[in-house]
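K.L.:
Just passing along the structure, written as structure tokens.
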Amino acid sequence: MARLLRAFERKQRGIVSVEAALIFPVLLFILVMFFELARIALVIIAVNTSLERSVQQLRFEDNFYALKQNQLNQLITDKIVNQSYGLVNEENVSLEVHTFSNLGEFSGSSTKSGDDSRNSDETPDYTNSPVLNLTLTLQQTFITPLPSLFNLGTSYQHEFQQVLGDLVIDDDEDES
């Protein structure tokens, strides 16, 4: 009986090595994807924070109301890149800024002639604080080639939306 147990024990010695060889690639894949997903989350959070800070600080700019739309776009993009801790550069972000003279024009319910098709080189004339609709698209490449091996592509894309505006109540509407 003891001889049978020793023979069985000798046959079991190589099983741990085979199991480790089979499990190691799966564990390595999980570890690499964990780092990839953690980096994606870090970049998205950093860009979201820098976008919010940039929009909040925008009202403190001296010439905010006199900026043309393309100058406003460049100013916000520069602020986002500078405040994102070096995780993104100007090639990774695409910003669209749509300006509206008031919230009624933004919602499309304004009866005044609110043309969104105005020339971007014109200096806007605001009677009150403008409303900005910002759409930021982040295009970032993965740090490892692993996602492309599983047909996930070589980069990911995330879109941020931000609206900056003041709720200004007209005195005429307040009385009725």
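What follows is calculated from the coordinates using simple rules that are stated; it is not laboratory data. This is a predicted model, so every value here is computed, not measured. Positions of Cβ are backbone-derived with ideal geometry, glycine not excepted, and every protein chain shown enters the neighbour counts.
K.L.:
What list do you get for Glu61, Glu19 if you sort them by fewest beta carbons within 10 Å?
P.N.:
Fewest-to-most ranking of Glu61, Glu19: Glu19, Glu61.
K.L.:
Continuing with this model, one more query. Give the long-range amide H neighbours of Phe142: residues separated by 5 or more places, or on another chain, with amide H under 5 Å away, using H modelled in the peptide plane at 1.01 Å from N.
P.N.:
The answer is Ser155, Tyr156.
K.L.:
Sticking with this one: What list of ³J(HN,Hα) couplings, whole Hz, do you get for the range 56-64 from phi and the Karplus terms 6.51, -1.76, 1.60, once you set θ to phi - 60° and write x for glycine and proline?
P.N.:
Whole-Hz 3J(HN,Hα) from phi for the range 56-64: 5, 6, 4, 5, 8, 5, 5, 9, 4.
K.L.:
Based on the Cβ-Cβ distance of Met1 and Thr141, what FRET efficiency does E = 1/(1 + (r/R0)^6) give at R0 = 41 Å, to the nearest 0.05? Numbers along the way, then the final one.
P.N.:
Numbers: r = 63 Å, r/R0 = 1.54.
That gives a FRET efficiency of 0.05.
K.L.:
As a footprinting exposure proxy, order Thr49, Thr141, Thr77 by other Cβ within 10 Å, with the fewest listed first.
P.N.:
Working: Thr49 14, Thr141 11, Thr77 17.
By the 10 Å Cβ count, ascending: Thr141, Thr49, Thr77.
K.L.:
If you don't mind, another one. Taking the Cα centre of the range 1-60 as origin, work out the dipole magnitude from +1 charges on Lys and Arg Cβ and -1 charges on Asp and Glu Cβ, in debye rounded to 20.
P.N.:
Values: 8 positive and 4 negative charges, 78 e Å.
Dipole size: approximately 380 debye.
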